[in-house]
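Below: one structure, written as structure tokens.
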Amino acid sequence: MSLTTSSHWEIPDRFNIAVACTEAHPAQAPAIVVDRGDAPAEVTTFGELGERARRLVTVLRGRGVAEGDRVAVMCAQSAETAVAHMAAYLMGAIAVPLSVKFGPEAALFRMGDSGAVAAVFDADCYERLADELAGLPELRTVLVAGEPGTDASVTNEAGALSVLPLSVTDSADVAVVVADTGPDDPALLIYTSGTTGQPKGALHGHRVLLGHMPGVVRALDGFPEPGDTFWTPADWAWAGGLLDVLLPGLYSGVPVVASDRRPSPETVEHILRRHGVTCSFLPPTILKMMRASDVDYSRTGLRAAFSGGEALGGPVAEWARRSLGIRVNEIYGQTELNLIVGTCHSRFDTPPGSMGRPTPGFDLTLLDPLGEPVEPGEVGEICVRLPSPNAFLRYWNAPEKTAEKTAGGVLHTGDLGHVDDDGNFWFSGRNDDLISTAGYRVGPGEIEDQILRHGAVEMVAVIGVPDDLRGEAIVAYVVPAAGVTGSEELAAEIQDFVKQRLAFYQYPRDVVFLDELPTTNTGKIRRARLRAEHGRQPLRP
């Protein structure tokens, strides 16, 4: 079964994300509005954003960074984050966004796998990684926002690794030659978790921004409108923060609010009200947190919002309608190809629980395990016919994984669903082991690899179990090493071991000790059996 919504794609022969985001708008118009709590906001205009990006290009090129090189960006929401991205795109380099939630192991793997030759950190992230950066042989230059103006150097296998304050760009030349990029030229490398092994880097071309716009426009009821201001609590390192908010906002000439404050209910209300936010991407976990509080949101002025990463649920959607005065639209997609299905309450009715309908311009089909279309009403894998402007170019250094993901001329999401007579998609489950927790899609492989490094662990399997707040909670099933007995103390130690090395949302909320794990005849762990036998048990307090 195939279903498409018509849309005429206008993809120019030459396109550069940064040029489109900085040069098409009045120079004095606000681009990035940095929240400072009760203090006045710090505003960076489109003209200043472009100028700062060009100065950074001068510095990077002066230190040998060339077109196609990877530039890691690990900063909280800030003007500096936007500047770093714009600079990478302007010079034809490839930005590698890294979440500020990453521990050293998670960040260093992605920097090493991508071969990043330069990095832009904020002070907190640099302090967290400083002692381990010497282990990255290809990294040559690190620029740190917020550091004192003293230079530092570290020796790695390639020689001296220069660590400089980002302020060195202040006096750099602003006159630079912009790379002549086309829509298929690489621009962005975002790592996405897999079900086995380490994460995979999804490489996107400059066209990915254009491919996102129909989904953003529909999810925000005709975005942009005069006076719009955009904000999300989502990390700008993820597709939901970067490709659904920051870049579409800048491309549309809409100011984007940045905040590095933890999104408590009070903080969310303050940001929405103080900065006149009209449009927002609010993940379900944030909306559930807001609903559980006593904060009054009646003075906020949202006109439109969307949510994604997991189903919103009827009670939360109804709360948002009453308390925020809006009907939150829901979106669906993946890092490899995002915003392909969604709801739009102002344009068509969607039954509660439905994923919505295909985004204009995307040709969706449901396939059986043999790659054949299923009959109407039957469950099949949700796939998108290629080529598509939103689709990734390939996985980084993983041609076999790319071929698997795009087999048969479609992008395989790994998600199962069916379509009703009105064209609404309904989610039925996954055909792999990815875990959807608090809006993050987490693969068990990276977590299992980390836990196996603990000396008290012989075997481990990680699955997701149903959880009212997070959708799914991560649980690790551990077979202790010989002579080791599972205990509450060991469970806490394993949890902390993961939390310190990966990201906080990747640590197991529960650790269950077993004598053995269910395996196939070839020794492969049967996570489906674990889910069937243990996945409905409540988490331990």
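For the chain, what is the percent of antiparallel DSSP beta bridges, rounded to the nearest 5? Write down the numbers at each step before the final one.
Values: 56 of 90 bridges.
Of all bridge pairs located within the chain, approximately 60 percent are antiparallel.
How about the stretch 433-480: which trypsin sites (Lys or Arg not before Pro) there are in a DSSP loop, with at most 12 other Cβ atoms within 10 Å of their Cβ?
Values: sites: Arg441, Arg453, Arg470; in loops: Arg453, Arg470.
In loop regions of the stretch 433-480 (DSSP not H, G, I, E or B), the sparsely surrounded trypsin sites (Lys or Arg not before Pro) are Arg453.
Taking a ≥ b ≥ c as the square roots of the eigenvalues of the Cα gyration tensor, the stretch 343-396 is classed as oblate, since a/c reaches at least 1.5 and a/b does not exceed b/c. Cross-link reach is defined here as a Cα-Cα straight distance under 18 Å, omitting same-chain residues fewer than 8 places apart; for Lys499 the lysines meeting it are Lys101.
Taking amide hydrogens as placed 1.01 Å from N in the peptide plane, the amide H of Glu458 sits under 5 Å from those of Val479, Ala481, each at least 5 positions away in sequence or on another chain. Which net charge results for the neighbourhood of Ser354, defined as the other residues with beta-carbon distances under 13 angstrom from its beta-carbon, given Lys and Arg at +1 and Asp and Glu at -1? Around Ser354, the charge tally is -4.
So, for the stretch 305-463, what is the accessible surface per residue at a probe of 1.4 Å, expressed in square angstrom?
Working: 6330 Å² over 159 residues.
I get 40 Å² per residue for the stretch 305-463.
What is the log10 of I(q)/I(0) for the chain, computed with the Debye formula using one identical point scatterer on each Cα and no solvent, at q = 0.10, 0.13 Å⁻¹? Results for the chain at q = 0.10, 0.13 Å⁻¹ read -0.83, -1.44. Taking each residue as 0.36 nm, the span from Glu533 to Asp13 lengthens on full extension beyond its C-alpha to C-alpha distance by 181.8 nm.
For the chain, the Cβ-based charge dipole about the Cα centre amounts to some 480 debye (Lys, Arg positive; Asp, Glu negative; other atoms uncharged).
Does the stretch 1-103 classify as rounded, prolate or oblate by the C-alpha gyration tensor (a ≥ b ≥ c root eigenvalues; a/c under 1.5 gives rounded; else a/b over b/c gives prolate, otherwise oblate)? Before the final figure, lay out each step's value.
On the way: a/c = 1.44, a/b = 1.23, b/c = 1.17.
Rounded, since a/c falls under 1.5.
The simple Förster model, with R0 at 41 Å and r as the Cβ-Cβ distance, assigns Leu416 and Gln28 a FRET efficiency of 0.25. Which shape class applies to the stretch 48-148: rounded if a/c is under 1.5, otherwise prolate when a/b exceeds b/c and oblate if not, where a ≥ b ≥ c are the square roots of the Cα gyration tensor eigenvalues? Oblate shape, in that a/c is at least 1.5 and b/c is the bigger or equal ratio.
Loop-located trypsin sites (Lys or Arg not before Pro) across the stretch 247-328 with a Cβ neighbour count of 14 or fewer within 10 Å are Arg299, with loop assigned by DSSP. In units of the rule-of-thumb radius 2.2 N^0.38 Å, the stretch 435-508 shows an alpha carbon radius of gyration of 1.07.
Could you work out the Kirkwood radius for the stretch 237-276, taking every pair of different alpha carbons, averaging 1/r and inverting it, reported in Å? Show your work: numbers first, answer last.
On the way: mean 1/r = 0.0896 Å⁻¹.
The Cα-based Kirkwood calculation yields 11.2 Å.
Sequence-ordered 3J(HN,Hα) estimates for the stretch 276-282 from the Karplus curve with 6.51, -1.76 and 1.60 and θ = phi - 60° stand at x, 5, 9, 10, 8, 9, 10 Hz, glycine and proline given as x.
The values are calculated or read from the model by the stated rules, or taken from the named source; none is laboratory data. Quick caveat: nothing in here was measured; it's all calculated off a predicted structure. Don't worry about glycine lacking a Cβ; one is built from the backbone with ideal geometry, like all the others, and counts go over all protein chains shown. SASA here: full protein model, heavy atoms, side chains in, ligands and nucleic acids out. Shrake-Rupley method; radii C 1.70, N 1.55, O 1.52, S 1.80 Å.
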